[in-house]
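Working notes, structure below.
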Amino acid sequence: MIPGRPPARPGSVPEPDPTADQATKDAMSNATTVSPAHSASTASTLITNIASLVTNDPSLGDGSPLGLVQDAAVVIEGDRVVWTGDQSKAPATDNRVDAGGRAVLPGFVDSHSHLVFAGDRTQEFNARMSGRPYSAGGIRTTVAATRAASDEELEANLTRYLREALRQGTTTFETKSGYGLTVEDEARALRIAAAHTDEVTFLGAHIVSPDHAEDPASYVALVTGEMLDACAPYARWIDVFCEKGAFDGDQARAILTAGRARGLHPRIHANQLSYGPGVQLAVELDAASADHCTHLTDADVDALAGSRTVATLLPGAEFSTRAAWPDARRLLDAGVTVALSTDCNPGSSFTSSVPFCVALAVRDMGMTPDEAVWSATAGGAAALRRTDIGRLVPGAYADLTLLDAPSHVHLAYRPGVPLVSGVWRRGERVV
Ligand SMILES: [Zn+2]
């Protein structure tokens, strides 16, 4: 049982078994994100007249991975789901919400974003999409703007994008540091992020800091030493951009191993721009997720299929850079668990919209609408090693998205349309 979390109800899914260290962090983070004044009441609420309910529990409804229940209802109490099923069998409750014959699905789990930053890169994007050369500094541009920003500016920026994501149905998000690249600036980014989510990732190894451009080894030493010491208290995860021009396999292994020794669990930016060692390293280190996975050998796909490591696909990046799409079909056919996330960041994927990523995945990456919706909910939860989100089953958090549509398929069928008409987070209606 995790301090700060209520006891699981009968029939609930088991919580992941966190280390004591992690339990302390969860309690600390919950204390900041769910104050008593904002916690949901313990009154029970029935959401009924749901034409199509995605539960992600294959033992329910149609027996598919989505566990689709037609003419369904959900009962929430406090911050949890306590009942899911046929609306004609729903128990009595204190309150009632009529879903109006529309679709309900778990809130999206965006397991990969970079939201602590300042500035934007409109001109860089415009030049790239206009076929014009552009020689600004890429990530370095954002690093300079982020270092120059006040804490208040960074937090205001973060909350703006969080609200934007929430309006589009995202109820859990992971976010990273990586635009500070000094001890103080990385720790500051994580401290700000940790006030808004439990899923905080230390990405001091985003690029080699410009301050260490002549001596990358000295930067790896900083990341694995003083910077890690300053950042570990605020983070659950450690990440590395393993790519030509960023960090090679040996550097990435050193950084992730150092993080693991400090109680951080690995995830990795792998095989985005080229073939490389990232995916194999992710599997070797039991990383929760290998993210991007755009350039994979057969051996990479086999390694993922034989592991617990989720392949997180981020089609906003390929969209925004006009790059070749990752092949979701190949991964799914091999039995790999696939997550879909936004990679929201000001350089290569400035979208906070999971529905947009779902539509891209269906149109261009070989996913069915059902697979894409699963990957954006239960898949994202798997990439965060969580079973208490991404599913609408008794014991899970009451994180729900109501669509102004009769089916989840409309997320891909009606791309670009603001279909999200209601969001409950932790049992509280927030949209
Ligand atoms: Zn990223």
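Bear in mind that the values in this text are calculations on the coordinates, not laboratory data. Please read these numbers as outputs of a predicted model, since none were measured by experiment. Cβ coordinates were reconstructed from backbone atoms using ideal geometry, including for glycine residues, and neighbour counts include every protein chain displayed.
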In order over region 347-356: 3J(HN,Hα) from phi, Karplus 6.51/-1.76/1.60, θ = phi - 60°, whole Hz, x for each Gly or Pro, gives x, 10, 6, 8, 10, 9, 9, 5, x, 4
Computed magnitude of the charge dipole of the chain (debye, nearest 20; Cβ of K, R +1, Cβ of D, E -1)
760 debye
What's the magnitude of the charge dipole for region 243-364 around its Cα centre, counting Lys and Arg as +1 and Asp and Glu as -1 at the beta-carbon? Answer in Debye, nearest 20.
300 debye
Karplus 3J(HN,Hα) series, Hz, for region 101-114 with 6.51 cos²θ - 1.76 cosθ + 1.60 (x for Gly, Pro)
x, 10, 9, 10, 9, x, x, 5, 10, 8, 8, 7, 8, 10
What order, most packed first, do the peptides 257-265, 110-118 have when packing is the mean number of other Cβ atoms within 10 Å of each residue?
110-118, 257-265
Between residue 92 and residue 321, what FRET efficiency comes out of the Förster formula 1/(1 + (r/R0)^6) with R0 = 60 Å and r the beta carbon distance, rounded to 0.05?
0.65
In the neighborhood of residue 115, defined by Cβ-to-Cβ distances under 12 Å, what is the net charge if each Lys or Arg adds +1 and each Asp or Glu adds -1?
-3
Charge tally in the Cβ shell below 12 Å around residue 419, where Lys, Arg are +1 and Asp, Glu are -1, residue 419 excluded
+2
CD proxy, 222 nm, the chain: helix-only mean residue ellipticity via -39,500 (n - 2.57) per DSSP H run with n ≥ 4, per residue, nearest 500, stands at -9000 deg cm²/dmol
Normalising by the residue count of the chain, find the relative contact order in percent from Cα pairs under 8 Å and 6+ residues apart.
20 percent
Please work out whether region 109-383 counts as rounded, prolate or oblate from its C-alpha gyration tensor, where a ≥ b ≥ c are the square roots of the eigenvalues and a/c under 1.5 means rounded, while otherwise a/b larger than b/c means prolate and anything else oblate?
rounded
With charges set only on the Cβ (+1 for Lys and Arg, -1 for Asp and Glu), what does the dipole of region 347-397 come to about its Cα centre, in debye to the nearest 20?
160 debye
How large is ³J(HN,Hα) for each residue in region 290-301, as worked out from phi by the Karplus curve 6.51 cos²θ - 1.76 cosθ + 1.60 (θ = phi - 60°), to whole Hz, x for Gly and Pro?
10, 9, 4, 6, 8, 10, 10, 7, 4, 5, 5, 4
Protection proxy ranking, peptides 87-97, 119-129, 286-296, average beta carbon neighbours within 10 Å, highest first
286-296, 119-129, 87-97
Fewest first, what order do 201, 337 take by the number of other Cβ atoms within 10 Å?
337, 201
Loop only by DSSP, 10 or fewer other Cβ within 10 Å of the Cβ. Give me the trypsin sites (Lys or Arg not before Pro) in region 295-388 that pass, ordered by residue number.
322
Once Lys and Arg get +1 and Asp and Glu get -1 on their Cβ, which of 372, 325, 417 lies farthest toward the positive end of the dipole of the chain?
417
Return the single residue from 55, 170, 387 with maximal mean-square fluctuation; model: Gaussian network over the chain, springs between Cα atoms under 10 Å.
387
